[in-house]
Amino acid sequence: MSAVRLWDIFCTVVDNYGDIGVTWRLARQLVDEHDQQVRLWVDDLNSFARICRALDPTRPQQVCQGVDIRLWPLDFHADPQLADIVIEAFACTLPSRQIEAMQQRQQPPLWINLEYLTAEAWIDDCHGLPSRQQGLNKFFFFPGFSERSGGLICERSLRLQRERWQAATSLRQQWLAELGLPPAAENSLFLSLFTYESTALPALIQHWQQAAQPIVCLIPQGRSLISLADLIPNAAPGLHWQQGALTIHILPMTDQPGYDQLLWSCDLNLVRGEDSFLRAQWAARPFIWHIYPQQEAAHLDKLDAFLQRYCATLSAPCRQAITALSHAYDAGDGESAVSAWKEVMSCWPEWQKHAAEWPRQALAGGDLASRLVIFCENRLK
Ligand code: TRH
């Protein structure tokens with residue numbers, strides 16, 4: 001049992017939901033599973049409220065699920081009760097008054113920069129290293145898939161919850177009904193689509209219309225719809241669209257547990273960023289990762305590092321098909337995406353089996369929150 005510590009987590013909302021999605025999840029897990037006290041400082045409560053229904057964006061301070069949530073205002077003043085551990089999420093740059101308060105303490109808080117997740121091998125040599133900044137040590141914590149990295153965010157009870165959901169088909173039927181969706185044919189292939197824009201998408205949509213089995217595509221409101229503007233001009237939550245074998249339902253955004261249920265209910269999930277990417281893995285179903293694009297295509301190294309790790313034990317045709325589909329989606333190449341889709345379908349049982357086994361393998365060295373707590377305890381002792 002580790003000591004009860006006070007944590008400050010600082011998060012800026014860049015342009016999507018990933019940064020707040022990850023920090024909110026981590027904050028809850030530190031409270032729920034490690035009995036820690038957590039203040040989460042966020043500069044944009046409106047975006048936060050999109051993925052957390054209980055949050056009132058007009059209140060600058062409130063407690064949600066045991067986490068003390070604070071608006072991080074422009075004129076930030078450090079709380080007189082300084083935390084034991086200060087997390088700067090994704091190099092968001094701490095407020096200068098926070099740094100000053102930390103510098104004034106004889107034993108300053110443990111300062112950690114929580115990095116973006118990557119499967120690249122180089123992080124193993126950098127994970128946990130300090131760097132001297134403004135007279136203080138700042139430690140770099142790298143989430144990752146290897147034993148030596150900071151691990152992956154995953155709640156303790158998640159596997160059981162997901163297994164229960166997937167074992168009871170009635171739960172999915174009930175969930176579909178609650179969303180106002182008609183019951184689907186039993187042999188339907190369910191897809192969820194929460195990606196960025198991709199010009200590969202219209203070609204895939206056209207291909208799915210000609211499929212031999214019915215395809216149901218569930219699309220939460222968001223950027224994927226921009227690529228379908230010609231096909232579905234007035235796409236909005238509640239809209240149903242049907243052509244040939246394909247039915248599309250546009251869904252409202254839900255909170256994070258609701259999004260997990262969507263992932264658990266689908267046969268294949270197209271996801272993005274960092275958090276939905278991980279949640280798709282924990283859904284134990286095949287998925288395609290539309291990675292967050294970076295300048296000079298720096299994201300492609302990250303994508304390939306992950307694909308190499310994820311596909312390492314698969315047959316060559318299956319590995320090639322998943323890799324080709326991921327690359328084609330990223331490049332917005334519709335023709336290649338359709339031909340890779342056909343390849344993927346021909347190794348479908350192998351991929352399903354692998355997806356079901358993957359979470360155990362990926363989490364073998366322990367989850368991120370547990371590794372983070374141990375990391376901090378070792379330095380605060
Ligand atoms: O929103 P994102 O594109 O976030 C990205 C990435 O994190 C990227 O690494 C970062 O650099 C960039 O932001 C600034 O994708 P991501 O990470 O998948 O986050 C989406 C969050 O939204 C995730 O926590 C799940 C949540 N979500 C819901 O809670 N309900 C929903 O209905 C949906 C669709 C998503």
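Annotation: Leu45 fulfils all but one of (1) buried (at least 20 other Cβ atoms within 10 Å of the Cβ); (2) within 16 Å of the ligand (Cβ to nearest atom); (3) closer than 19 Å to Phe141 by Cβ; the unmet one is (3).
Residue-by-condition table, conditions (1) out of contact with any Asp or Glu (no Cβ under 7 Å at 6 or more places or on another chain); (2) near the ligand (Cβ under 10 Å from one of its atoms); (3) farther than 29 Å from Arg159 by Cα:
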position	(1), (2), (3)
Gln221	yes, yes, no
Leu225	yes, no, yes
Ala229	yes, no, yes
Gln242	yes, no, yes
Pro252	yes, yes, no
Trp264	yes, no, no
Leu270	yes, no, no
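Screening Pro214 with (1) buried (at least 16 other Cβ atoms within 10 Å of the Cβ); (2) within 16 Å of the ligand (Cβ to nearest atom); (3) not hydrophobic (A, V, I, L, M, F, W, C) gives one miss only, at (2).
Here's the yes/no breakdown for (1) among the hydroxyl-bearing types (Ser, Thr, Tyr); (2) away from the ligand (no atom under 16 Å from the Cβ); (3) modelled with pLDDT under 95:
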site	(1), (2), (3)
Leu71	no, yes, no
Pro80	no, yes, yes
Ala89	no, no, no
Gln98	no, yes, no
Ala101	no, yes, no
Trp111	no, yes, no
Leu129	no, yes, no
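Of all the residues in region 1-36, those that are at pLDDT 95 or above, within 16 Å of the ligand (Cβ to nearest atom) and surrounded by fewer than 19 Cβ atoms within 10 Å (Cβ to Cβ) number 1. For region 231-240, filtered to residues that are surrounded by 12 or more Cβ atoms within 10 Å (Cβ to Cβ) and over 25 Å from the mean Cα position of the chain (by Cα), the residue that is nearest to the ligand (Cβ to nearest atom) is Leu239. Among the conditions (1) surrounded by fewer than 19 Cβ atoms within 10 Å (Cβ to Cβ); (2) farther than 20 Å from Ala121 by Cα; (3) among the hydroxyl-bearing types (Ser, Thr, Tyr), Thr313 misses just one, which is (2).
The values are calculated or read from the model by the stated rules, or taken from the named source; none is laboratory data. Quick caveat: nothing in here was measured; it's all calculated off a predicted structure. Note that we place each Cβ from the backbone using ideal geometry, even for glycine, and neighbour counts take in every protein chain shown.
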